1. Can you compute the FRET efficiency between Asn86 and Lys38 using 1/(1 + (r/R0)^6), with r the Cβ-Cβ distance and R0 = 25 Å? Round to the nearest 0.05.
2. In region 34-52, whose amide N lies under 12 Å from the spot 7 Å out along Cα-to-Cβ of Thr117? List them in ranges.
3. Please work out how many pairs of lysine residues in region 24-129 are eight or more positions apart (or on different chains) and have Cα atoms closer than 21 angstrom.
4. For region 114-129 and region 59-74, compute the distance between their C-alpha centroids and round to whole Å.
Amino acid sequence: MTQLNTPKIFLAKCHIVFKQRSRIGNFRYLCTVRVIAKKTLREFWIKHSDCEEQLKSWHKEALEAHWNSPQDIKNNYPSASFLQDNRVVFNIKGNKYRLIVKINYDFAIIWIRFIGTHAEYDRINASTI
């Protein structure tokens, strides 16, 4: 077997699985999703305790997700909205709150860009935040 020139940090979070079609030769990396930064969610649910459980649940589901495309998200979150530059808007607690994330599907990284009330969401440009 040929040695892969992949950083050790990357391999520490990934499992190599043989696939017939893949992104890297005959191998595909199934990586643990990283959500950056949970602190943003935590600070928000301290101020808005009514959404704590919903945000914790979203965070747990995001960490366990295997989202390779917007369709994978839409299958689990039918009310999610998709914006340019791989941004996704999730409705939290029956659309009382909005969560905007930016996703890098290739590296399984989710950046939290905004969490706020629906009224606060209406005052921002969701495509550029």
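1. It comes to 0.80.
2. 48
3. Taking region 24-129 as the scope, the lysine pair count is 28.
4. Each part reduced to its Cα centre gives a spacing of 22 Å.
Read-outs: derived from the displayed coordinates by stated rules, not from any lab. Since this is a predicted model, take the numbers as computed values, not measurements. Cβ sites come from the backbone with ideal geometry, for glycine too, and all protein chains shown count toward neighbours.
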